[in-house]
Amino acid sequence: MVDLDSLRAHLTEVLDAQSAATGVAGAVVGVAVGGDQFSLAHGSANLNTGQEFTTDTGWLLGSVTKVLTATALLRLVDAGTVDLDAPARRYLPEFTLADTDAAEAITVRMLINHTNGIDADDLMPAAVRGRDATRSYVDQLPDFGCLFEPGTGIHYSNPGFVLAARILEEQTGLPFERAIQTELFEPCGMRDATAVQTQAFLRRTAIGAHASDEPGKLRATSLFSLPESAAGAGGTPIVTVADMMAFGRMHLAGGLAPDGGRVLSQELAAAMLTPTFDLGLPSVPSMGLGWWLTPIAGTTAAWHGGGSPGGASSFCIVPEHDAVIVSFVSGPNALLNDKLHTAVLEHLTGQQATAPFGGDPADADPSMAGGYTAFHVDKNISVHDGTLLVRTAFPFHDEELERTLDGYGTSGSSTVTYVPAAPGLFLPEDSDPRTTAGFYGRFSILADLPPAPGRPRGIHTGLRFIPKTS
């Protein structure tokens, strides 16, 4: 029997300790174990208005949407109208890339397990809104290539899930915002969920916050959400704790909604929780369908995180313990999500969450020195006494993208020293290795990834692959 009262008291203490000085304007967390659940809220939902964060406040889900998009797409697989192992072009003949052979090789499955390799991570066209927004994104993909042969690696894929959303649109005849409503929100009992940005005016909805120029202060974001073209990857959906509890319980029940309705077949619900690709790096969990299958605190959590302008969300289900955990933080302290989630997981399992790597640190291989390039990011690495000096720049692409990323809070150029943490793994020299025990904390690990058939040598960090180019 899990003592939820003591867990609730502990999480209350964690939230009460947060403020602008700790990088938190407001936050919410929800926990469900078996048939019991609770939720807590803290701080401000909107620094512009002073609105209080409550447990029924909505927030932008960000990339956690990817699990929802995958689930909605798999309903079409259940219906027999989409085949996971068919080429994506069977359903989207207009889809192509600069590498046409790669576009032909990408299957529907590769769209929702981050193995398609499309090199367009930060593509965020904002000019088109409404019914044609997702189409406008796909129309730009012919300018982009692939980082590796599809199916041979993992590279966090916003374009993969936009393409999945586009298939959903084509097969249902509805724009994404209505397709996700009818295919998922309604049958799952997610009563307050919406992918329509303007619904934020009609309900209590949080906005993000960024660090300000004044130490210990935060400022409200000037950008509410990412463009509608990226809705299927996480641009626009707004949810509450109750919505995500319903969604999580549906997955724990093998595809049955809380009201007993069948949302997804038991076979496909299980397939989402089955590894489809493992890169073999401790910083990159095995990939199911939509879910990152993360070993943590003696169990495995099916997890996804999500960023929004000035905010970050975290969501997981823990099948072994029949548990759902969801949180959102307004402010730059995304790691508060990890603190909340690991506290729950440690309470459930009785085991401590530890760093995902072991072994003695090893000096960097001198051959790591050189240039690494992917869309909208250039890294230059030099090796000094076994450590890495990593210079990062974000080359100008176009004014539209620059405005979006500036509002999102993407940092500018940086120079960071990375020190060995384990063979082939490195951490920023001023970081605490203990933070890598959490979901977001693992993003700070930089891994030296050797070449493999279909994939060049590169580095892997923040779930993203950047090939060595010089």
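The values are calculated or read from the model by the stated rules, or taken from the named source; none is laboratory data. Please read all numbers here as calculations on a predicted model, not as lab measurements. Here Cβ is always computed from backbone atoms with ideal geometry, including for glycine, and neighbour counts include all displayed protein chains.
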Going through segment 184-213 in order, the residues found to be surrounded by fewer than 22 Cβ atoms within 10 Å (Cβ to Cβ) and hydroxyl-bearing (Ser, Thr, Tyr) are THR198, THR205, SER212
Which of the residues belonging to segment 228-274 are under 19 Å from the mean Cα position of the chain (by Cα) and either farther than 21 Å from GLY189 by Cα or not assigned by TED's automatic domain parsing to the domain that holds GLY34 (or both)?
GLU228, SER229, ALA230, ALA233, GLY235, LEU273, THR274
I'd like to check something: does segment 48-62 contain any residue that is touching a strand residue (DSSP E or B) at 6+ places or on another chain (Cβ under 9 Å), in a helix (DSSP H, G or I) and not hydrophobic (A, V, I, L, M, F, W, C)?
yes
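Tell me yes or no: at least one residue of segment 9-32 is farther than 22 Å from ALA343 by Cα, modelled with pLDDT of 95 or more and not hydroxyl-bearing (Ser, Thr, Tyr). Break it down into steps so the answer makes sense when it comes.
Of segment 9-32, the ones farther than 22 Å from ALA343 by Cα are none.
No, segment 9-32 has no match at all.
Please indicate, with yes or no, whether at least one residue in segment 379-387 is surrounded by 14 or more Cβ atoms within 10 Å (Cβ to Cβ), basic (Lys, Arg), in contact (Cβ under 8 Å) with a residue 24 or more places away in the chain and closer than 29 Å to PHE224 by Cα.
Restricting attention to segment 379-387, the residues satisfying the condition of being surrounded by 14 or more Cβ atoms within 10 Å (Cβ to Cβ) are 379-383, 386-387.
Subsequent filtering for residues that are basic (Lys, Arg) retains 379.
If we keep only those that are in contact (Cβ under 8 Å) with a residue 24 or more places away in the chain too, we end up with 379.
Those still in the list that are closer than 29 Å to PHE224 by Cα too: none.
Within segment 379-387, none of the residues are surrounded by 14 or more Cβ atoms within 10 Å (Cβ to Cβ), basic (Lys, Arg), in contact (Cβ under 8 Å) with a residue 24 or more places away in the chain and closer than 29 Å to PHE224 by Cα.
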So, in segment 127-171, how many residues would count as being in contact with a His (Cβ under 9 Å, 6 or more places away or on another chain) and β-branched (Val, Ile, Thr)?
1
Reported set for segment 291-318 where residues are modelled with pLDDT of 95 or more and out of contact with any strand residue (DSSP E or B) (no Cβ under 7 Å at 6 or more places or on another chain) is PRO295, ILE296, ALA297, GLY298
Selection from segment 82-102 of residues over 18 Å from PHE375 (Cβ atoms) and in contact (Cβ under 8 Å) with a residue 24 or more places away in the chain yields VAL82, ASP83, LEU84, ASP85, ALA88, TYR91, LEU92, GLU94
